[in-house]
1. How many angstrom separate the Cα center of region 74-103 from the Cα center of region 1-52?
2. Enter the accessible area per residue of region 1-83 (Å², integer; probe 1.4 Å; all protein chains in place).
3. Taking each pair of different alpha-carbon atoms in region 20-90 once, compute 1/r for the pair, average those values, and report the inverse of that mean as the Kirkwood hydrodynamic radius in Å to one decimal.
4. What distance in nm lies between label points placed 7 Å from Cα along the C-beta direction at A116 and A54?
5. Quick one: if you take sqrt(5λ) for each eigenvalue of the C-alpha gyration tensor of the chain, what semi-axes come out, biggest first, whole angstrom?
6. Given points 7 Å out from each Cα along the Cα-Cβ axis, report the A66 to V127 separation in nanometres with one decimal.
7. So for the chain, averaging the separation of alpha carbon pairs under 8 Å that are six or more residues apart and normalising by length, what relative contact order in percent results?
8. Whose amide H sits under 5 Å from the amide H of R110, counting only residues 5 or more places off or on another chain, with H placed in the peptide plane?
Amino acid sequence: MRLLLDTHILLWALGEPKRLPKEVRVALESPDNEILFSAASIWEIAIKVQIGRANFKASPDEIIQAALNSGFAELPVRAEHGARSASLPLHHRDPFDRLLVAQAISEPCRLVTADAALGAYSELVIVV
């Protein structure tokens, strides 16, 4: 199964795995699953760091390296993803989250998130 981690789940998987339910940790460790992180999540982290809205323990570059070292694969943002986000209903207004949903639908893959509002978009969204 292909699993796309939203920004919070990515950060928890890398720095605070105990915050994740056991079944998510098991899924992340299973060789049967392809674990993806979006370039959009790294962009979101970089913006929040720059404007002082978040105090992450690692820089965006360090987060990228930790994700790759963990065996996660980067999912680039493509024009198709941006275009698909425009057709999504306004269940959620955060542009980063909407882009992640669009990526999950386009690829396809399952989006793993802690944001219950995203569950309204698709059966591809797994809310933990």
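1. Going from one Cα centre to the other spans 17 Å.
2. Numbers: 4920 Å² over 83 residues.
I get 59 Å² per residue for this part.
3. Kirkwood hydrodynamic radius for region 20-90: 14.2 Å.
4. So the label points at A116 and A54 sit 2.2 nm apart.
5. Semi-axes, largest first: 20, 18, 14 Å.
6. Placing both labels 7 Å beyond Cα along the Cβ direction yields 2.7 nm.
7. Working: 177 pairs, mean separation 38.2, N = 128.
Relative contact order, the chain: 30 percent.
8. When sequence neighbours closer than 5 places are left aside, the close amide H contacts are R2, L3, L4.
The values are calculated or read from the model by the stated rules, or taken from the named source; none is laboratory data. Being a predicted model, the structure only gives us computed values, none of them experimental. FYI the Cβ positions are ideal-geometry reconstructions off the backbone, even for glycines, and counts take in every protein chain you see. Side chains are part of the model used for accessible areas, which takes the heavy atoms of the whole protein and leaves out ligands, DNA and RNA. Shrake-Rupley method; radii C 1.70, N 1.55, O 1.52, S 1.80 Å.
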